[in-house]
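Remarks on the structure that follows.
The values are calculated or read from the model by the stated rules, or taken from the named source; none is laboratory data. In this text the structure is predicted, and so the values were computed from the model without any measurement. Methodologically, a virtual Cβ is constructed for each residue, glycine included, from the backbone with ideal geometry; neighbour enumeration extends over all protein chains shown.
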Amino acid sequence: MKKTINRNLSMKNNILLSLIFLLGNIGIFAQNNSVTNKENVSISTINDSAIVYPESMTENISSLLHEWQLDFSTTDSDCERGNNVIFHDTVYAKRLYDLPTVMELSYNQVVKKHIEMYSVRRRDQVSYMLALGEYYFPMFEEALDKEGMPLELKYLPVIESALNPTAVSRVGATGLWQFMLRTGKGYGLEVNSLIDERRDPYKSTQAAVKYLKDLYTIYGDWNLVIAAYNCGPGNVNKAIARSGGKRDYWEIYDRLPRETRGYVPAFIAANYIMNHYADHNICPAHTYGSTLAMDTVHVNEQVHFEQIAGVLNIPVSEIKRLNPQYKKDMIPGNKVYTLVLPTEKMYAYIDQNDSIMSYNRDRYFTHRTYTDGYLDGTIASADGNTTDVYYRVKKGDNLSTIARRNGTTVSRIKSWNGLTSDRLSIGKRLIVGKKAAPPPANESEQIQLAQANTTGNSTTVNTYYRVRKGDTLGKIAQNNNVQVSQLRSWNNLKSSRIDVNDQLIVGQKVVAVTVEEEPEQKPDAPKIESNIISDYIQSQLDKNTEDQINDIEKDIEKISDLEVSIENEI
């Protein structure tokens, strides 16, 4: 009996212990599950208002098209565009897991938000970036492979700059890889007033690969490397310290700066969309002629893009697109620089190098080496003997681009043209530069004519012009193919100041006069005052009959009426 009771008690004790053990495990499991759920909730409950997308994902598409400097108006695509297709989370997770990558491309609700951004709201941007990637991705892959780096890092510029080599962020980060000035110079990129190698696709890629490699040496984790690339190693180190030393990106997620939290998810989403764009009915926007073979030529002389364009018959916009590192459309030439051109133009550049260097050189390079002569008086200015360089405004032009293209400033253009605002009308003819006026071939003859008298067998015939608003002596001289000094001499001007409605002599010539017996002057003959037509009458003295004078007077009236009509129209 006792044995039976003891056996029953023993069984009850074992059952009780088992229940305690089981309940304990359930409690531990519930606690762990609660922690896991909290972590999942902290990520999955993030909504759009809490996510800060990279600047490249929020840039206006029209601005990007302008910055890319590519014409996507005519595209040729082999696939059919359609509406976006939404997949289950398990599909997104499996596709990311199956990508052949060294880097961990995990899936969660934050990543999903970025995938949806690319596949829904930024579909056109993805289409254009796929086309740009045909040019940039092979360059990125070559640099990454050379250093033994993961090739999937080639998609980092997709979120950094949207593959725009001239992109500048709110804080000044520049180029495809968005280097800050100090970091860029630290990795050997030249930045000055004429050149910014952060915008050089090749050199900035080499520098970015070195920087990423150095960051991996520090962290040994690619997600942390990408986070550090965005916000700097200092901020990542602070997040690690505040989380108790954890070195997993998702564990320090809440400790990172707000903008960096969405950076790694954006990178994962970029890898997804660049590999699975077709599954979402997105097509690359191929442009005609955008995949021409390119080559590089070394340049060690000053040369302006306009010189290259003028001789090789290539648009300046094409040269700028291929060489975005040159900020002022010119190569400094103080050392060896690279110039990217279509292959056939590269050979033409080498063959016609001398012609390119001499083409309108004085117009594009106006800096003087020495100015001592201006101080000691051995060199004097040309006293206004210059001619204007004109440009007709085209669609899309503004004063800044016109000034930059012509090597001058906006203030000078406004001064030369009497502009009071920055507004321009298409077709307007602007003065965009000054150049020395070549002396006319018959300069000595014109000076002699200016001093000729109306004695002997010849007379001096003057050509007159009435000054209008906006006129200057230089402009009047150019329009009449004479020099400013001649205008001042003919009109006894002590300065270059002229007033509206002044009547100026703008030309003189000697007319031979046949001397005959002076005809008797009739008492009632009209006295012709000296005016703009009197010289014409003098040249016709040999035909000075009464009928002819009457005809001339009629001509005078017609010409006077014509002058009045022209002045009214002007």
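Brief remarks on what is shown
- Evaluation of ILE308 against the conditions (1) surrounded by 14 or more Cβ atoms within 10 Å (Cβ to Cβ); (2) touching a residue at least 60 places away in the same chain (Cβ under 8 Å); (3) out of contact with any Leu (no Cβ under 7 Å at 6 or more places or on another chain) shows that the sole unmet condition is (2).
- Residue count for the stretch 207-253 under the criterion of being aliphatic (A, V, I, L, M) and under 19 Å from ALA266 (Cβ atoms): the result is 11.
- Of all residues in the stretch 220-267, those that are of a type in the set (Gly, Ala, Ser), crowded, with 23+ Cβ neighbours inside 10 Å and out of contact with any Leu (no Cβ under 8 Å at 6 or more places or on another chain) total 2.
- Scanning the stretch 126-150 for residues that are closer than 21 Å to ALA228 by Cα and either touching a residue at least 40 places away in the same chain (Cβ under 8 Å) or within 24 Å of the chain's Cα centre (by Cα) (or both) yields PHE140, ALA143, LEU144, GLU147, MET149, PRO150.
- GLU251 being over 26 Å from ALA143 (Cα atoms), among the charged types (D, E, K, R), outside the structural domain of PHE305 (by TED's automatic domain parsing) and without any contact (Cβ under 8 Å) to a residue 12 or more places away in the chain: yes
- Boolean, THR338 is polar (S, T, N, Q) and either in a strand (DSSP E or B) or in contact with a Pro (Cβ under 9 Å, 6 or more places away or on another chain) (or both): yes
- Test: ILE350 is assigned to a helix (DSSP H, G or I), without any contact (Cβ under 8 Å) to a residue 60 or more places away in the chain and surrounded by 14 or more Cβ atoms within 10 Å (Cβ to Cβ): no
- Screening the candidates GLY396, GLY427, GLY373, GLY407 for the property of being at pLDDT below 80, in a loop (DSSP other than H, G, I, E, B) and not assigned by TED's automatic domain parsing to the domain that holds VAL303 yields one hit, GLY407.
- Selection from the stretch 476-507 of residues that are assigned to a helix (DSSP H, G or I) and out of contact with any strand residue (DSSP E or B) (no Cβ under 7 Å at 6 or more places or on another chain): ALA477, ASN479, VAL484, SER485, GLN486, ARG488, SER489
- Counting the residues of the stretch 296-323 that are within 23 Å of ARG198 (Cα to Cα) and out of contact with any strand residue (DSSP E or B) (no Cβ under 9 Å at 6 or more places or on another chain) gives 3.
- Condition check for ALA173: among the aliphatic types (A, V, I, L, M) and either more than 23 Å from the chain's Cα centre (by Cα) or over 30 Å from SER119 (Cβ atoms) (or both): no
- From the list LEU151, LEU132, LEU181, the one residue that fits, being crowded, with 19+ Cβ neighbours inside 10 Å and among the aliphatic types (A, V, I, L, M), is LEU132.
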